[in-house]
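Each reported figure results from applying straightforward, stated rules to the coordinates on display, with no laboratory input. Given the structure is predicted, the values throughout are model-derived calculations rather than measurements. No Cβ is skipped: glycine too gets one built from the backbone with ideal geometry, and neighbour counts run over all protein chains shown.
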Amino acid sequence: MKAGPLRWAKENLFSSPFNALLTLLSAGLLVWAVPPAVNWLFINAVWGRQPVEACDAVRGQGACWAVVAEKFRFMMFGTYPYEEQWRPAIAVVVLVSLLIVSGFKRFWNRSLILVWTAGIALTFWLMSGGLGLMPVRTGQWGGLPVTLILAIFGIAFAFPLGILLALGRRSTLPIIRSLSVIYIEVVRGVPLITVLFMASVMLALFLPVGWQIDQLLRAQVAIILFVAAYLAEAVRGGMQAVPKGQYEAAEALGLPYWKTVRLVILPQALKISIPPIVNSFISLFKDTSLVVIIAIYDFAYAVKKSVEADFAWKKYFIEALLFSIVIYWIFCFSMSKYSQRLERDLARGHAR
């Protein structure tokens, strides 16, 4: 038992003079940096709802997490009416619950569609109001619910569109292939900020007089169209990695094109494409913060404004920023770990 850790350390940390030097330098850096960071972040920090004077007394020695307690509701829900903020809180719980339920393979059946339909309807009823609730226009939505709505529905609609674009780019019909290639290359050639700006400002110039499209809906459509182009290339790469024999076997069985794609090619291609697909999902979740350029209060902007608008707490913006980083990290890390688990499960299923 004692030889195990020593052998592991020798093989992995001290396998060569250079690796030994890196190990010692890394250990020294950790010894130098970790204790002060722990003291500032936890031991000397001000916790709970306390006045700003309590933070001023330990400024420079400990973190002021009281700013999070003080500004929590604005950070989480932005400019949503204060008395009605229980509604976006429930909406967040509903959306996160839908994600968790969808992660279990035993729920992957047609009933999941009904669950998502009910969850979406409940979310928008809670956020928008009506039918007994006070109406709240989307311009007042903000915080974490907006980030989750943009990310979740962006993924939900961009994914099938990306698959269609990938199939279109591999089509034998010249018109469909050319249109797919043009769309993918044009969209991937511009930043998301440009697409959001076009959807928010330029789109109105092409609409008939008197027509208006909700600002949040415009941002949602822009995100869907943008992410679909990247997903299309990820899926196309997976389809190209499927052995040619799979296509030939399906053709020998007499399967029509769409059955071949649905039953033979796509299941294998999507399994191969899990890493780049999840990478696009993670990027989308973080890129939702760019909607601030079209005056939408996403979570990152709500956190920023919560401290900027209050002079007394403004000096503790670093703690507020760290709080937002933790929230983003939780969601992104969860997606990453789930994708790894899904890859392992599918690999075991394939082995059997």
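Tabulated data
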item: The chain: most fluctuating residue of L126, L164, L21 per GNM, C-alpha cutoff 10 Å; result: L21
item: Percent of C-alpha pairs per 10 Å bin, the chain, short to long; result: 5, 18, 24, 23, 18, 9, 3, 0
item: Separation of alpha-carbon centers, segment 280-304 and segment 107-169, rounded to whole Å; result: 16 Å
item: G142 long-range amide H proximity, modeled H, under 5 Å; result: T79, Y80
item: Per-residue ³J(HN,Hα) for segment 234-248, Karplus 6.51 cos²θ - 1.76 cosθ + 1.60, θ = phi - 60°, Hz, x for Gly and Pro; result: 5, 5, 4, x, x, 5, 5, 7, 5, x, 4, x, 5, 5, 5
item: Loop-resident sites, segment 213-321, for chymotrypsin sites (Phe, Trp or Tyr not before Pro), counting at most 12 other Cβ within 10 Å (DSSP); result: F311
item: Sorted by Cβ neighbour density within 10 Å, fewest at the top, the residues I282, I213, I223; result: I213, I282, I223
item: Karplus (6.51, -1.76, 1.60) ³J(HN,Hα), θ = phi - 60°, over segment 321-335, in Hz, Gly and Pro reported as x; result: 5, 4, 4, 5, 4, 4, 5, 4, 5, 4, 5, 5, 5, 4, 4
item: Assigned charges on the beta-carbon of Lys, Arg, Asp, Glu; segment 213-280 dipole about Cα centre (debye); result: 80 debye
item: HN-Hα J in Hz across segment 40-53 - Karplus 6.51, -1.76, 1.60, θ = phi - 60°, x for Gly and Pro; result: 6, 6, 10, 5, 8, 6, 9, 10, x, 7, 9, x, 4, 4
item: No Cys partner within the rule (Cβ under 4.7 Å), the chain; result: C332
item: Taking W211, W141 and counting other C-beta atoms within 10 Å, the order from fewest to most; result: W211, W141
item: Non-local Lys pairs in the chain, i.e. 8 or more apart or on different chains, that have alpha carbons under 19 Å apart; result: 18
item: Relative contact order for the chain, counting Cα pairs under 8 Å that sit 6 or more residues apart, in percent; result: 19 percent
item: Shape category assigned to segment 176-215 from the gyration tensor of Cα positions, a/c cut at 1.5; result: oblate
item: Counted charge near W125, where neighbours are those whose Cβ lies closer than 15 Å (Asp, Glu -1; Lys, Arg +1); result: +1
item: Order of I224, I113 - criterion: other Cβ atoms within 10 Å of each residue's Cβ, fewest first; result: I113, I224
item: Placed amide H near W65: partners under 5 Å, 5+ positions off or other chain; result: V46
